[in-house]
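Reviewing the structure listed below.
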Amino acid sequence: MINLETPKKFKPLASQAHQVATEVFRPISRKYDEAEHAYPKELDMLASLIDGMNEASEHGASGAAGVRRETNGDDAGENRNGTNLSTLLGIIELCWGDVGLLLTMPRQGLGNSAIASVASDEQLERYGGKWAAMAITEPEAGSDSAAIRTTAELDGDEYVLNGEKIFVTSGDRADLIVVWASLDRSKGRAAIKSFIVERDNPGLNLDRLEHKLGIRASDTANFTLQDCRVPKEALLGDPEVNVEKGFAGAMQTFDNTRPLVAGMACGVTRAALEETRSRLAEAGVEIDYDRPALSQHAAAARFLEMEADYEAALLQTLHAAWMADNNRPNSLQASMAKAKAGRTGVDVTLSCVELCGGVGYGENELLEKWARDAKILDIFEGTQQIQLLIVARQLLGKSSSELR
Ligand SMILES: Cc1cc2nc3c(=O)[nH]c(=O)nc-3n(C[C@H](O)[C@H](O)[C@H](O)COP(=O)(O)OP(=O)(O)OC[C@H]3O[C@@H](n4cnc5c(N)ncnc54)[C@H](O)[C@@H]3O)c2cc1C
(Lines give C-alpha, C1' and ligand atoms only; values in the text may rest on other atoms or scores of the structure.)
Protein backbone atom coordinates (compact mmCIF):
# COMPACT_ATOMS: atom_id res chain seq x y z
CA MET A 1 0.00 0.00 0.00
CA ILE A 2 1.27 3.48 -0.81
CA ASN A 3 1.06 5.85 2.12
CA LEU A 4 1.22 9.42 0.89
CA GLU A 5 1.36 12.05 3.58
CA THR A 6 -0.82 15.13 3.34
CA PRO A 7 1.42 18.23 3.47
CA LYS A 8 1.50 19.45 7.07
CA LYS A 9 0.07 22.88 6.23
CA PHE A 10 -3.02 21.25 4.61
CA LYS A 11 -3.78 18.81 7.42
CA PRO A 12 -6.15 21.16 9.30
CA LEU A 13 -8.07 21.89 6.07
CA ALA A 14 -8.40 18.22 5.12
CA SER A 15 -9.48 17.37 8.63
CA GLN A 16 -12.10 20.18 8.70
CA ALA A 17 -13.45 19.03 5.33
CA HIS A 18 -13.66 15.47 6.62
CA GLN A 19 -15.54 16.68 9.68
CA VAL A 20 -18.02 18.56 7.46
CA ALA A 21 -18.44 15.42 5.33
CA THR A 22 -19.12 13.32 8.43
CA GLU A 23 -21.30 15.72 10.40
CA VAL A 24 -23.14 17.70 7.71
CA PHE A 25 -23.10 15.80 4.40
CA ARG A 26 -23.55 12.18 5.42
CA PRO A 27 -26.57 12.76 7.71
CA ILE A 28 -28.52 14.56 4.92
CA SER A 29 -27.19 12.49 2.03
CA ARG A 30 -30.21 10.23 1.61
CA LYS A 31 -32.68 13.05 2.34
CA TYR A 32 -31.63 15.13 -0.69
CA ASP A 33 -31.18 12.06 -2.86
CA GLU A 34 -34.90 11.46 -2.33
CA ALA A 35 -35.97 15.12 -2.40
CA GLU A 36 -34.58 15.89 -5.84
CA HIS A 37 -34.72 19.61 -6.75
CA ALA A 38 -35.14 20.71 -3.11
CA TYR A 39 -32.30 23.05 -2.15
CA PRO A 40 -30.22 21.67 0.75
CA LYS A 41 -30.63 24.69 3.02
CA GLU A 42 -28.17 23.17 5.51
CA LEU A 43 -25.43 24.24 3.09
CA ASP A 44 -25.99 27.98 3.53
CA MET A 45 -24.30 28.16 6.90
CA LEU A 46 -21.54 25.89 5.72
CA ALA A 47 -20.91 28.03 2.64
CA SER A 48 -20.49 31.11 4.84
CA LEU A 49 -18.00 29.20 6.96
CA ILE A 50 -16.04 28.22 3.85
CA ASP A 51 -16.06 31.83 2.66
CA GLY A 52 -14.55 32.77 6.02
CA MET A 53 -11.93 30.04 5.68
CA ASN A 54 -11.13 31.26 2.15
CA GLU A 55 -10.60 34.78 3.39
CA ALA A 56 -8.48 33.67 6.32
CA SER A 57 -6.35 31.17 4.44
CA GLU A 58 -3.66 31.94 1.92
CA HIS A 59 -4.31 28.54 0.35
CA GLY A 60 -8.05 28.69 -0.37
CA ALA A 61 -10.50 26.27 1.16
CA SER A 62 -12.32 23.17 0.23
CA GLY A 63 -14.46 24.13 -2.75
CA ALA A 64 -13.70 24.71 -6.41
CA ALA A 65 -13.59 28.47 -6.21
CA GLY A 66 -10.00 28.97 -5.25
CA VAL A 67 -8.25 27.48 -8.24
CA ARG A 68 -6.07 30.05 -9.94
CA ARG A 69 -2.60 29.67 -11.32
CA GLU A 70 -0.25 31.86 -9.42
CA THR A 71 3.17 32.93 -10.56
CA ASN A 72 5.57 32.85 -7.69
CA GLY A 73 8.68 34.45 -9.09
CA ASP A 74 11.29 31.86 -9.86
CA ASP A 75 9.46 28.56 -10.41
CA ALA A 76 12.55 26.62 -11.39
CA GLY A 77 13.28 23.82 -9.01
CA GLU A 78 10.82 24.99 -6.38
CA ASN A 79 8.38 22.45 -4.98
CA ARG A 80 5.14 24.19 -4.24
CA ASN A 81 1.98 22.81 -2.69
CA GLY A 82 -0.61 25.51 -3.37
CA THR A 83 -4.27 26.21 -4.04
CA ASN A 84 -4.81 23.42 -6.56
CA LEU A 85 -3.60 20.77 -4.14
CA SER A 86 -5.38 22.20 -1.10
CA THR A 87 -8.65 22.51 -3.04
CA LEU A 88 -8.27 18.97 -4.29
CA LEU A 89 -7.66 17.58 -0.79
CA GLY A 90 -10.77 19.37 0.48
CA ILE A 91 -12.87 18.08 -2.40
CA ILE A 92 -11.74 14.48 -1.87
CA GLU A 93 -12.86 14.64 1.74
CA LEU A 94 -16.18 16.34 0.96
CA CYS A 95 -16.97 13.78 -1.76
CA TRP A 96 -16.20 11.03 0.69
CA GLY A 97 -19.28 12.58 2.31
CA ASP A 98 -21.52 13.29 -0.72
CA VAL A 99 -20.73 14.25 -4.31
CA GLY A 100 -24.15 15.80 -5.02
CA LEU A 101 -23.96 18.08 -1.99
CA LEU A 102 -20.41 19.18 -2.87
CA LEU A 103 -21.64 20.04 -6.37
CA THR A 104 -24.33 22.29 -4.99
CA MET A 105 -22.19 24.14 -2.46
CA PRO A 106 -22.90 27.86 -2.90
CA ARG A 107 -20.10 29.84 -4.54
CA GLN A 108 -18.07 26.70 -5.37
CA GLY A 109 -19.30 26.08 -8.94
CA LEU A 110 -17.20 25.16 -11.94
CA GLY A 111 -17.95 28.64 -13.30
CA ASN A 112 -16.09 29.96 -10.26
CA SER A 113 -13.04 28.01 -11.38
CA ALA A 114 -13.32 29.47 -14.88
CA ILE A 115 -13.55 32.98 -13.45
CA ALA A 116 -10.67 32.34 -11.05
CA SER A 117 -8.54 30.95 -13.89
CA VAL A 118 -8.92 33.64 -16.51
CA ALA A 119 -10.74 36.70 -15.12
CA SER A 120 -9.08 40.12 -15.08
CA ASP A 121 -8.61 41.86 -11.74
CA GLU A 122 -11.64 44.09 -12.53
CA GLN A 123 -13.77 41.03 -13.24
CA LEU A 124 -12.59 39.33 -10.07
CA GLU A 125 -13.58 42.47 -8.17
CA ARG A 126 -16.99 42.63 -9.86
CA TYR A 127 -17.95 38.95 -9.79
CA GLY A 128 -15.94 37.66 -6.82
CA GLY A 129 -18.01 36.20 -4.01
CA LYS A 130 -20.81 35.11 -6.34
CA TRP A 131 -21.84 31.57 -7.24
CA ALA A 132 -21.06 30.73 -10.88
CA ALA A 133 -22.24 27.76 -12.95
CA MET A 134 -20.70 26.77 -16.29
CA ALA A 135 -22.73 26.38 -19.52
CA ILE A 136 -20.89 24.79 -22.41
CA THR A 137 -23.06 21.85 -23.49
CA GLU A 138 -25.81 22.24 -26.10
CA PRO A 139 -28.22 19.78 -27.71
CA GLU A 140 -25.85 19.45 -30.70
CA ALA A 141 -22.57 19.93 -28.84
CA GLY A 142 -21.49 17.71 -25.94
CA SER A 143 -18.11 16.05 -26.27
CA ASP A 144 -17.36 18.18 -29.30
CA SER A 145 -17.53 21.53 -27.53
CA ALA A 146 -16.07 23.26 -30.59
CA ALA A 147 -19.44 22.61 -32.31
CA ILE A 148 -21.39 25.00 -30.11
CA ARG A 149 -23.96 27.13 -31.90
CA THR A 150 -24.69 29.79 -29.30
CA THR A 151 -23.61 33.13 -30.73
CA ALA A 152 -22.44 36.40 -29.21
CA GLU A 153 -22.74 39.52 -31.33
CA LEU A 154 -21.26 42.87 -30.37
CA ASP A 155 -23.85 45.64 -30.36
CA GLY A 156 -22.44 48.93 -29.06
CA ASP A 157 -21.16 48.31 -25.54
CA GLU A 158 -22.96 45.00 -25.18
CA TYR A 159 -22.77 41.44 -26.47
CA VAL A 160 -26.08 39.86 -27.49
CA LEU A 161 -26.21 36.09 -26.83
CA ASN A 162 -28.55 33.66 -28.57
CA GLY A 163 -28.69 29.89 -28.25
CA GLU A 164 -29.56 26.94 -26.05
CA LYS A 165 -27.63 25.43 -23.13
CA ILE A 166 -28.34 22.09 -21.48
CA PHE A 167 -27.11 20.18 -18.41
CA VAL A 168 -25.93 23.21 -16.47
CA THR A 169 -24.90 22.08 -12.99
CA SER A 170 -26.24 24.54 -10.37
CA GLY A 171 -27.80 26.48 -13.24
CA ASP A 172 -30.95 27.23 -11.27
CA ARG A 173 -29.26 28.09 -7.98
CA ALA A 174 -26.15 30.02 -9.04
CA ASP A 175 -25.92 33.85 -9.28
CA LEU A 176 -23.94 33.76 -12.52
CA ILE A 177 -23.68 31.46 -15.51
CA VAL A 178 -20.45 31.37 -17.51
CA VAL A 179 -21.78 30.83 -21.04
CA TRP A 180 -19.65 29.65 -23.94
CA ALA A 181 -20.60 31.33 -27.22
CA SER A 182 -19.05 32.01 -30.61
CA LEU A 183 -18.16 35.52 -31.76
CA ASP A 184 -18.01 34.30 -35.35
CA ARG A 185 -19.00 30.75 -36.28
CA SER A 186 -17.08 30.95 -39.57
CA LYS A 187 -13.82 31.25 -37.57
CA GLY A 188 -14.28 27.92 -35.79
CA ARG A 189 -13.05 27.16 -32.29
CA ALA A 190 -10.83 30.26 -32.01
CA ALA A 191 -13.96 32.41 -31.90
CA ILE A 192 -15.45 30.62 -28.88
CA LYS A 193 -15.34 32.82 -25.80
CA SER A 194 -16.94 32.67 -22.38
CA PHE A 195 -19.31 35.32 -21.06
CA ILE A 196 -20.51 35.95 -17.54
CA VAL A 197 -24.31 36.17 -17.50
CA GLU A 198 -26.24 37.18 -14.38
CA ARG A 199 -28.80 34.50 -13.54
CA ASP A 200 -31.59 37.09 -13.42
CA ASN A 201 -30.82 38.46 -16.89
CA PRO A 202 -34.23 38.66 -18.64
CA GLY A 203 -32.72 37.09 -21.79
CA LEU A 204 -31.79 33.90 -19.91
CA ASN A 205 -34.81 31.61 -19.58
CA LEU A 206 -34.93 28.40 -17.57
CA ASP A 207 -36.55 25.65 -19.67
CA ARG A 208 -36.47 22.75 -17.21
CA LEU A 209 -34.58 20.89 -14.49
CA GLU A 210 -33.34 17.35 -15.21
CA HIS A 211 -34.32 14.24 -13.24
CA LYS A 212 -31.19 12.15 -12.79
CA LEU A 213 -29.69 8.76 -11.89
CA GLY A 214 -27.34 10.20 -9.26
CA ILE A 215 -26.08 13.45 -7.68
CA ARG A 216 -29.74 14.27 -7.16
CA ALA A 217 -28.98 16.95 -4.54
CA SER A 218 -27.41 18.98 -7.36
CA ASP A 219 -29.71 20.80 -9.79
CA THR A 220 -29.10 20.42 -13.53
CA ALA A 221 -30.75 23.12 -15.64
CA ASN A 222 -31.52 23.71 -19.31
CA PHE A 223 -31.71 27.28 -20.65
CA THR A 224 -32.59 29.30 -23.72
CA LEU A 225 -30.68 32.53 -24.35
CA GLN A 226 -32.80 34.91 -26.34
CA ASP A 227 -31.33 38.30 -27.18
CA CYS A 228 -29.55 38.07 -23.86
CA ARG A 229 -27.57 41.30 -23.44
CA VAL A 230 -24.42 41.44 -21.33
CA PRO A 231 -21.92 44.29 -20.93
CA LYS A 232 -18.75 44.12 -23.02
CA GLU A 233 -16.80 43.61 -19.81
CA ALA A 234 -18.59 40.28 -19.24
CA LEU A 235 -16.33 38.56 -21.76
CA LEU A 236 -13.77 36.46 -19.89
CA GLY A 237 -10.21 36.60 -21.19
CA ASP A 238 -9.05 38.01 -24.52
CA PRO A 239 -11.82 39.34 -26.84
CA GLU A 240 -9.56 39.00 -29.92
CA VAL A 241 -10.19 36.00 -32.18
CA ASN A 242 -6.75 34.49 -32.52
CA VAL A 243 -6.94 31.68 -35.07
CA GLU A 244 -3.34 30.63 -34.28
CA LYS A 245 -4.06 30.18 -30.60
CA GLY A 246 -7.35 28.42 -31.35
CA PHE A 247 -9.12 26.94 -28.37
CA ALA A 248 -6.17 27.02 -26.01
CA GLY A 249 -7.46 29.82 -23.78
CA ALA A 250 -10.85 28.24 -23.18
CA MET A 251 -9.37 24.78 -22.68
CA GLN A 252 -6.92 26.04 -20.07
CA THR A 253 -9.71 26.02 -17.48
CA PHE A 254 -10.02 22.24 -17.85
CA ASP A 255 -6.41 21.70 -16.85
CA ASN A 256 -7.38 23.08 -13.45
CA THR A 257 -10.85 21.56 -13.11
CA ARG A 258 -10.30 18.02 -14.40
CA PRO A 259 -8.04 17.06 -11.47
CA LEU A 260 -10.80 18.35 -9.17
CA VAL A 261 -13.43 16.15 -10.83
CA ALA A 262 -10.95 13.26 -10.58
CA GLY A 263 -10.68 14.12 -6.88
CA MET A 264 -14.47 13.86 -6.54
CA ALA A 265 -14.20 10.34 -7.95
CA CYS A 266 -11.37 9.51 -5.51
CA GLY A 267 -13.54 10.69 -2.59
CA VAL A 268 -16.59 8.58 -3.41
CA THR A 269 -14.37 5.60 -4.28
CA ARG A 270 -12.69 5.76 -0.89
CA ALA A 271 -16.07 5.98 0.83
CA ALA A 272 -17.23 2.78 -0.88
CA LEU A 273 -13.96 0.97 -0.14
CA GLU A 274 -14.05 1.88 3.54
CA GLU A 275 -17.65 0.75 3.93
CA THR A 276 -16.90 -2.49 2.08
CA ARG A 277 -13.81 -3.15 4.16
CA SER A 278 -15.84 -3.02 7.35
CA ARG A 279 -18.64 -5.18 5.84
CA LEU A 280 -16.08 -7.78 4.79
CA ALA A 281 -14.52 -7.71 8.26
CA GLU A 282 -17.96 -8.28 9.81
CA ALA A 283 -18.39 -11.24 7.47
CA GLY A 284 -15.05 -12.65 8.64
CA VAL A 285 -13.15 -11.92 5.42
CA GLU A 286 -9.58 -11.03 6.27
CA ILE A 287 -7.57 -8.78 3.94
CA ASP A 288 -3.89 -9.65 4.24
CA TYR A 289 -1.36 -7.25 2.70
CA ASP A 290 1.50 -9.72 3.20
CA ARG A 291 0.07 -12.51 1.07
CA PRO A 292 -0.54 -12.62 -2.68
CA ALA A 293 -4.09 -11.58 -3.47
CA LEU A 294 -4.87 -14.76 -5.36
CA SER A 295 -4.10 -16.97 -2.36
CA GLN A 296 -6.79 -15.17 -0.33
CA HIS A 297 -10.59 -15.23 -0.12
CA ALA A 298 -11.99 -14.14 -3.51
CA ALA A 299 -13.62 -11.09 -1.90
CA ALA A 300 -10.32 -10.07 -0.28
CA ALA A 301 -8.51 -10.49 -3.62
CA ARG A 302 -11.07 -8.31 -5.36
CA PHE A 303 -10.80 -5.72 -2.59
CA LEU A 304 -7.01 -5.54 -2.96
CA GLU A 305 -7.38 -5.11 -6.71
CA MET A 306 -9.89 -2.27 -6.23
CA GLU A 307 -7.72 -0.58 -3.62
CA ALA A 308 -4.71 -0.68 -5.98
CA ASP A 309 -6.82 0.91 -8.70
CA TYR A 310 -7.97 3.61 -6.28
CA GLU A 311 -4.42 4.39 -5.22
CA ALA A 312 -3.25 4.66 -8.83
CA ALA A 313 -6.13 7.07 -9.52
CA LEU A 314 -5.34 9.10 -6.40
CA LEU A 315 -1.63 9.39 -7.25
CA GLN A 316 -2.40 10.47 -10.80
CA THR A 317 -4.87 13.05 -9.50
CA LEU A 318 -2.52 14.50 -6.87
CA HIS A 319 0.22 14.69 -9.49
CA ALA A 320 -1.97 16.63 -11.95
CA ALA A 321 -2.98 19.17 -9.27
CA TRP A 322 0.58 19.48 -8.00
CA MET A 323 1.76 20.25 -11.56
CA ALA A 324 -0.80 23.05 -11.79
CA ASP A 325 0.50 24.49 -8.51
CA ASN A 326 4.00 24.41 -9.92
CA ASN A 327 2.99 26.11 -13.19
CA ARG A 328 3.84 23.07 -15.26
CA PRO A 329 1.71 22.27 -18.32
CA ASN A 330 -0.56 19.47 -17.12
CA SER A 331 -3.16 18.85 -19.86
CA LEU A 332 -1.92 15.30 -20.35
CA GLN A 333 -1.83 14.49 -16.64
CA ALA A 334 -5.19 16.21 -16.00
CA SER A 335 -6.85 14.03 -18.66
CA MET A 336 -5.08 10.91 -17.44
CA ALA A 337 -6.28 11.60 -13.91
CA LYS A 338 -9.86 12.27 -15.01
CA ALA A 339 -9.97 9.11 -17.17
CA LYS A 340 -8.42 6.88 -14.53
CA ALA A 341 -10.32 8.22 -11.53
CA GLY A 342 -13.65 8.41 -13.40
CA ARG A 343 -13.41 4.80 -14.52
CA THR A 344 -12.16 3.63 -11.13
CA GLY A 345 -15.03 5.39 -9.37
CA VAL A 346 -17.62 3.62 -11.51
CA ASP A 347 -15.94 0.20 -11.35
CA VAL A 348 -15.17 0.25 -7.64
CA THR A 349 -18.45 1.63 -6.34
CA LEU A 350 -20.42 -0.90 -8.40
CA SER A 351 -18.15 -3.76 -7.36
CA CYS A 352 -18.62 -2.72 -3.72
CA VAL A 353 -22.40 -3.04 -4.20
CA GLU A 354 -21.75 -6.51 -5.61
CA LEU A 355 -19.41 -7.58 -2.80
CA CYS A 356 -21.82 -6.40 -0.12
CA GLY A 357 -24.81 -8.15 -1.72
CA GLY A 358 -28.20 -7.14 -0.35
CA VAL A 359 -26.67 -4.58 2.01
CA GLY A 360 -24.95 -2.98 -0.97
CA TYR A 361 -28.13 -2.80 -3.04
CA GLY A 362 -30.53 -1.65 -0.32
CA GLU A 363 -31.42 1.92 0.56
CA ASN A 364 -30.58 1.48 4.24
CA GLU A 365 -26.94 2.05 3.37
CA LEU A 366 -25.32 4.51 0.96
CA LEU A 367 -23.43 2.03 -1.23
CA GLU A 368 -26.09 1.91 -3.96
CA LYS A 369 -26.27 5.71 -3.95
CA TRP A 370 -22.51 6.06 -4.30
CA ALA A 371 -22.58 3.75 -7.34
CA ARG A 372 -25.25 6.02 -8.90
CA ASP A 373 -23.40 9.22 -7.94
CA ALA A 374 -20.05 8.02 -9.32
CA LYS A 375 -21.22 7.65 -12.92
CA ILE A 376 -21.43 11.38 -13.65
CA LEU A 377 -17.76 11.82 -12.74
CA ASP A 378 -16.92 9.66 -15.75
CA ILE A 379 -19.12 11.84 -17.98
CA PHE A 380 -18.96 15.57 -17.25
CA GLU A 381 -15.89 17.75 -17.76
CA GLY A 382 -15.18 15.42 -20.70
CA THR A 383 -16.16 11.75 -20.83
CA GLN A 384 -13.65 8.98 -20.23
CA GLN A 385 -13.46 8.32 -23.98
CA ILE A 386 -12.68 11.97 -24.67
CA GLN A 387 -9.96 12.03 -21.99
CA LEU A 388 -8.39 8.95 -23.60
CA LEU A 389 -8.55 10.68 -26.96
CA ILE A 390 -6.75 13.73 -25.52
CA VAL A 391 -4.12 11.48 -23.95
CA ALA A 392 -3.60 9.63 -27.24
CA ARG A 393 -3.30 12.89 -29.19
CA GLN A 394 -0.71 14.21 -26.79
CA LEU A 395 1.35 11.03 -26.68
CA LEU A 396 1.26 10.55 -30.45
CA GLY A 397 1.71 14.24 -31.27
CA LYS A 398 -1.51 14.36 -33.31
CA SER A 399 -3.85 17.33 -33.67
CA SER A 400 -7.60 17.16 -32.99
CA SER A 401 -8.30 17.00 -36.72
CA GLU A 402 -5.79 14.15 -37.18
CA LEU A 403 -7.15 12.00 -34.36
CA ARG A 404 -10.85 12.31 -33.58
C1 LIG B 1 -25.62 15.60 -14.48
C2 LIG B 1 -24.87 16.33 -15.53
C3 LIG B 1 -24.29 17.54 -15.24
C4 LIG B 1 -23.60 18.26 -16.24
N5 LIG B 1 -23.10 19.49 -15.94
C6 LIG B 1 -22.60 20.26 -16.94
C7 LIG B 1 -22.25 21.62 -16.72
O8 LIG B 1 -22.29 22.14 -15.59
N9 LIG B 1 -21.88 22.37 -17.79
C10 LIG B 1 -21.80 21.85 -19.05
O11 LIG B 1 -21.47 22.59 -19.97
N12 LIG B 1 -22.11 20.56 -19.29
C13 LIG B 1 -22.51 19.75 -18.28
N14 LIG B 1 -22.86 18.45 -18.52
C15 LIG B 1 -22.74 17.92 -19.88
C16 LIG B 1 -21.59 16.95 -20.02
O17 LIG B 1 -20.36 17.62 -19.97
C18 LIG B 1 -21.82 16.19 -21.33
O19 LIG B 1 -22.91 15.32 -21.11
C20 LIG B 1 -20.61 15.42 -21.77
O21 LIG B 1 -19.61 16.30 -22.19
C22 LIG B 1 -20.94 14.45 -22.91
O23 LIG B 1 -21.64 15.08 -23.93
P24 LIG B 1 -22.99 14.43 -24.51
O25 LIG B 1 -23.88 14.13 -23.37
O26 LIG B 1 -23.51 15.33 -25.58
O27 LIG B 1 -22.54 13.05 -25.14
P28 LIG B 1 -21.90 12.82 -26.58
O29 LIG B 1 -20.82 13.79 -26.85
O30 LIG B 1 -22.99 12.72 -27.56
O31 LIG B 1 -21.23 11.40 -26.36
C32 LIG B 1 -21.98 10.18 -26.28
C33 LIG B 1 -20.99 9.03 -26.12
O34 LIG B 1 -20.09 8.99 -27.24
C35 LIG B 1 -18.74 9.05 -26.81
N36 LIG B 1 -17.96 9.84 -27.77
C37 LIG B 1 -18.24 11.06 -28.26
N38 LIG B 1 -17.27 11.47 -29.11
C39 LIG B 1 -16.35 10.48 -29.16
C40 LIG B 1 -15.11 10.30 -29.83
N41 LIG B 1 -14.62 11.22 -30.64
N42 LIG B 1 -14.43 9.14 -29.62
C43 LIG B 1 -14.91 8.18 -28.78
N44 LIG B 1 -16.09 8.30 -28.11
C45 LIG B 1 -16.78 9.43 -28.29
C46 LIG B 1 -18.81 9.76 -25.46
O47 LIG B 1 -17.68 9.44 -24.66
C48 LIG B 1 -20.10 9.20 -24.89
O49 LIG B 1 -19.86 7.94 -24.32
C50 LIG B 1 -23.49 17.71 -17.53
C51 LIG B 1 -24.06 16.46 -17.81
C52 LIG B 1 -24.74 15.78 -16.86
C53 LIG B 1 -25.36 14.46 -17.21
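The values are calculated or read from the model by the stated rules, or taken from the named source; none is laboratory data. This one's a predicted model, so the numbers in the text were calculated from it and none came from an experiment. Backbone-built Cβ (ideal geometry, glycine too); neighbour counts: all protein chains shown. Side chains included, ligands, DNA and RNA excluded: accessible areas come from the protein's heavy atoms. Shrake-Rupley method; radii C 1.70, N 1.55, O 1.52, S 1.80 Å.
Observations on the structure shown:
- Partner lysines for K340 [C-alpha distance under 17 Å; skip if fewer than 8 residues away on the same chain]: K375
- Portion, in percent, of the accessible area of the chain that falls on carbon or sulfur, probe 1.4 Å: 50 percent
- Under 5 Å between amide hydrogens, built in the peptide plane, is the criterion, and for T137 it picks out I166 among residues at least 5 positions away or on other chains.
- A 1.4 Å probe run over region 322-404, with the rest of the protein chains in place, finds 46 Å² accessible per residue.
- Within region 100-237, percent of DSSP bridges classed antiparallel, to nearest 5: 85 percent
- Furthest towards positive pole of dipole, L366, M323, L209, structure part the chain, Cβ charges: M323
- With θ taken as phi - 60° and the Karplus curve 6.51 cos²θ - 1.76 cosθ + 1.60 applied, the whole-hertz 3J(HN,Hα) list for region 136-148 is 10, 5, 9, x, 9, 9, x, 4, 8, 5, 5, 8, 4 Hz, x standing for glycine and proline.
- 25 °C / 0.890 mPa s Stokes-Einstein diffusion coefficient of region 1-52, Kirkwood radius on C-alpha pairs, µm²/s: 188 µm²/s
- Mean-square fluctuations from a GNM of the chain, with a 10 angstrom spring cutoff on Cα atoms, peak among A234, A301, A262 at A301.
- Here, P(r) means the percent of Cα pairs in each 10 Å bin from 0 to the largest distance; for the chain it is 5, 23, 33, 25, 11, 3, 1, 0.
- Net charge in the neighbourhood of L154 (other residues with Cβ under 15 Å of its Cβ; Lys, Arg +1, Asp, Glu -1) is -4.
- Prolate/oblate/rounded call for region 261-355, Cα gyration tensor, a/c under 1.5 rounded: prolate
- Of the whole protein surface, F167 contributes about 120 Å² of accessible area at a 1.4 Å probe radius.
- Neighbours of E138, meaning other residues whose beta-carbon lies under 11 angstrom from its beta-carbon, give a summed charge of -1 when Lys and Arg score +1 and Asp and Glu score -1.
- Relative contact order computed over region 146-204 (Cα-Cα under 8 Å; 6+ residues apart), in percent: 33 percent
- Cα-centre dipole for the chain with unit charges at Cβ (Lys and Arg positive, Asp and Glu negative), debye to 20: 600 debye
- Relative protection proxy for 324-333, 204-213, 111-120, 91-100, from highest mean packing down: 91-100, 111-120, 324-333, 204-213 (other beta-carbon atoms within 10 angstrom).
- Using the Karplus relation 6.51 cos²θ - 1.76 cosθ + 1.60 with θ = phi - 60°, the per-residue 3J(HN,Hα) values for region 341-352 come to 6, x, 5, 4, x, 5, 4, 5, 5, 6, 5, 5 Hz, with x marking Gly and Pro.
- For region 158-208, accessible area per residue (1.4 Å probe, heavy atoms of protein chains only), Å²: 39 Å²
- Neighbours of K165, meaning other residues whose beta-carbon lies under 13 angstrom from its beta-carbon, give a summed charge of -3 when Lys and Arg score +1 and Asp and Glu score -1.
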